[in-house]
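**Student:** Below are the structure tokens for one structure; questions will follow.
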Amino acid sequence: ALISMRQMLDHAAEHGYGVPAFNVNNLEQTRAIMEAAAETNSPVIMQASAGARKYAGAPFLRHMIAAAIEEFPDIPVVMHQDHGVSPAVCQRSIQLGFSSVMMDGSLGEDGKTPMDYDYNVRVTRQAVEMAHACGVSVEGELGCLGSLETGEAGEEDGIGAAGKLTHDQMLTDPDEAADFVAATGVDALAIACGTSHGAYKFTRPPTGDILAIDRIRDIHARIPNTHLVMHGSSSVPQDWLAIINEFGGKIPETYGVPVEQIQEGIRHGVRKVNIDTDLRLASTGAIRRFMAENPSEFDPRKYLAHSIKAMKEICIARYQAFGTAGWA
Ligand code: G3H
Ligand code: 13P
Ligand code: NA
Ligand code: ZN
């Protein structure tokens, strides 16, 4: 059944678990997520980015998620729009039937320019008024994702600030967060704590100086009733990097957010955990390996089945690690 994000995250808060929010662009990701959820009895958040809408088209994404709900009627599903850059973008998604939208007013309509606090409050408030009138939930964002090591936002072609960010911009301020939630009425708040989008988050396994999970604890202490969201939460599995590189890939040394750090976040109010890159890496590794080992195969279903299996294993591991399993 399609439910709002507010309903799902209220339940998660009541029972102390987190929900991975996986990005979807195609059938294989959608199947991997749903089969993993069915096997572990987990509620599901599927989210579509602007890049996904460009790749697959909004109608295909919408009907693919509707198909998932039809095939797995017992699993609660949130259909979420990731990183909306304006109230107009959110309005379009609401019209299409999304049950939740993100209004990311931390960046301008180009998805690149860091914006000031007053702009963020204004556009987020506007999105909340519109969405709540339709029974749709809203996720806002305060602070900019970026590397505390380099000051870079990370993602080159997706959503992410252009140019250098200051240390303060990359760590959400707890008092400002309290003010923001009161002023906008958001259902969930994405915070910045040193994570960034994409595979290149950290040049070494992260320690507290470059991944500030403590900041989440401080924000949660200030606004205990607000559902917190962690973006850029892929763990960048070293085993998949090794497989990609073994079979012709070329990905330099890089590290993601350890699952134990996400679990620490979940103990301090994180209820939605955004993951895209991990499924991309697993899919690419599985396909590279299959292609290398089966050079005469040309039926896409053969290698895409391996892509599904690899992504599904990641989904199952996250549902179990975040305490989502058993709550569908
Ligand atoms: O926001 C970042 C997600 O990983 C989506 O990326 O815009 O390439 O689909 P995308
Ligand atoms: P990753 O790139 O770490 O998977 O993050 C995805 C994300 O935050 C989507 O909004
Ligand atoms: Na989002
Ligand atoms: Zn994000």
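The values are calculated or read from the model by the stated rules, or taken from the named source; none is laboratory data. Small disclaimer: the values here were computed from a predicted structure and weren't measured. Note: ideal-geometry Cβ built from the backbone for every residue, glycine included; neighbour counts use all protein chains shown.
**Student:** When residues of the stretch 109-163 are filtered for being within 19 Å of the chain's Cα centre (by Cα) and of a type in the set (S, T, N, Q), how many remain?
**Tutor:** 3
**Student:** Could you list all residues from the stretch 96-119 that are part of a strand (DSSP E or B) and away from ligand 2 (no atom under 16 Å from the Cβ)?
**Tutor:** First, pick out the residues of the stretch 96-119 that are part of a strand (DSSP E or B): 100-103, 107, 114.
Matches in the stretch 96-119: 114 only.
**Student:** For the stretch 1-56, list the helices (runs of 4 or more DSSP H) that sit wholly inside it and hold at least 3 residues that are more than 17 Å from residue 322 (Cβ to Cβ) and of a type outside the set (Asp, Glu); which are they?
**Tutor:** Of the helices (runs of 4 or more DSSP H) lying wholly inside the stretch 1-56, those with at least 3 residues that are more than 17 Å from residue 322 (Cβ to Cβ) and of a type outside the set (Asp, Glu) span 27-40, 50-56.
**Student:** Scan the stretch 75-95 residue by residue and report those that are part of a helix (DSSP H, G or I) and away from ligand 2 (no atom under 16 Å from the Cβ).
**Tutor:** Passing the criteria: 87, 88, 91, 92, 94, 95.
A quick yes/no check of all residues on (1) crowded, with 24+ Cβ neighbours inside 10 Å; (2) more than 16 Å from ligand 1 (Cβ to nearest atom); (3) on the phi < 0 side of the Ramachandran plot:
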{"site": "87", "(1), (2), (3)": "no, yes, yes"}
{"site": "99", "(1), (2), (3)": "yes, yes, yes"}
{"site": "112", "(1), (2), (3)": "no, no, yes"}
{"site": "137", "(1), (2), (3)": "yes, yes, yes"}
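**Student:** Restricting to the stretch 168-206, name every residue that is touching a strand residue (DSSP E or B) at 6+ places or on another chain (Cβ under 7 Å), crowded, with 21+ Cβ neighbours inside 10 Å and among the polar types (S, T, N, Q).
**Tutor:** 172, 184, 195, listed by residue number.
**Student:** Output the number of the condition that residue 146 fails; it satisfies all remaining conditions of (1) under 21 Å from residue 50 (Cβ atoms); (2) surrounded by fewer than 24 Cβ atoms within 10 Å (Cβ to Cβ).
**Tutor:** (2)
**Student:** Continuing with the same structure: Residue pairs, Cβ under 9 Å, 6 or more apart or interchain, first in the stretch 238-266 and within 30 Å of residue 17 (Cα to Cα) and in contact (Cβ under 8 Å) with a residue 60 or more places away in the chain, second surrounded by fewer than 13 Cβ atoms within 10 Å (Cβ to Cβ) and of a type outside the set (Lys, Arg). List them.
**Tutor:** Here the result reads 266/16, each pair linking the stretch 238-266 to a residue that is surrounded by fewer than 13 Cβ atoms within 10 Å (Cβ to Cβ) and of a type outside the set (Lys, Arg).
**Student:** Looking at 201, 302, 250, 309, which is the one that is away from ligand 3 (no atom under 16 Å from the Cβ), closer than 19 Å to residue 158 by Cα and of a type in the set (D, E, K, R)?
**Tutor:** Details: 302 fails: closer than 19 Å to residue 158 by Cα; 250 fails: closer than 19 Å to residue 158 by Cα; 309 fails: closer than 19 Å to residue 158 by Cα.
The unique qualifying residue is 201.
**Student:** Go through (1) touching a helix residue (DSSP H, G or I) at 6+ places or on another chain (Cβ under 7 Å); (2) away from ligand 1 (no atom under 16 Å from the Cβ); (3) under 22 Å from residue 104 (Cβ atoms); (4) not small (Gly, Ala, Ser) for residue 230 and report which single condition fails.
**Tutor:** Looking at each condition in turn, residue 230 falls short on (2).
**Student:** Here's another thing I want to ask about it. Could you grab the pairs with beta carbons closer than 9 Å, sequence gap of 6+ or different chains, first residue in the stretch 40-58 and farther than 20 Å from residue 155 by Cβ and modelled with pLDDT under 95, second one of a type outside the set (Asp, Glu) and within 16 Å of ligand 2 (Cβ to nearest atom)?
**Tutor:** Short answer, once both residue conditions are applied: 58/48; 58/52; 58/93.
**Student:** Go through (1) away from ligand 1 (no atom under 16 Å from the Cβ); (2) within 28 Å of residue 196 (Cβ to Cβ); (3) among the hydrophobic types (A, V, I, L, M, F, W, C); (4) in contact with a Cys (Cβ under 9 Å, 6 or more places away or on another chain) and name the single condition residue 94 misses.
**Tutor:** (2)
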